[in-house]
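Structure record follows, encoded as structure tokens.
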Amino acid sequence: KDKYKDDVLVILNGQSYLIKRGVTAEIPRKVYDVLKCSDEQTGVAADIISRYEEEYEESKGALN
């Protein structure tokens, strides 16, 4: 809740959509799809970062 406070701006094909957080809103399906894809990619990136962090910690242990 504290991490993301600002509204969400989606720009798609030159059209802007400003979505207020915490407020129910109707949005076009294409905007929903962009937000869903963005959320999925954030999860993928977090998994990759976590994997690299684990590999790094393991490699530090092998050097000692």
| Near LYS3, which lysines are there with a Cα under 16 Å away, not counting those fewer than 8 places off in the same chain? | LYS20
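Multiply the residue gap between LEU12 and ALA46 by 0.36 nm, knock off their C-alpha separation, and tell me the result in nm, one decimal place. Walk me through the numbers before you get to the answer.
On the way: separation 34, 0.36 × 34 = 12.24 nm, distance 2.46 nm.
9.8 nm is the gain from fully extending LEU12 to ALA46.
How many percent of the accessible area of the chain is carbon or sulfur, using a 1.4 Å probe?
Percent of accessible area from carbon and sulfur atoms in the chain: 51.
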| note | Computed over the chain: longest principal axis from alpha-carbon atoms vs helix 29-63 long axis, angle to nearest 10 degrees, is 10 degrees
| remark: Mean accessible area per residue over the chain (1.4 angstrom probe, all protein chains present, square angstrom) is 93 Å²
| query | Any idea what the relative contact order of the chain is, in percent, if you count C-alpha pairs under 8 Å spaced at least 6 apart? | reply | 19 percent
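The values are calculated or read from the model by the stated rules, or taken from the named source; none is laboratory data. Remember, it's a predicted structure, so these values are computed and weren't measured experimentally. To get the accessible areas, we keep the full protein, side chains included, count just its heavy atoms, and leave off ligands, DNA and RNA. Shrake-Rupley method; radii C 1.70, N 1.55, O 1.52, S 1.80 Å.
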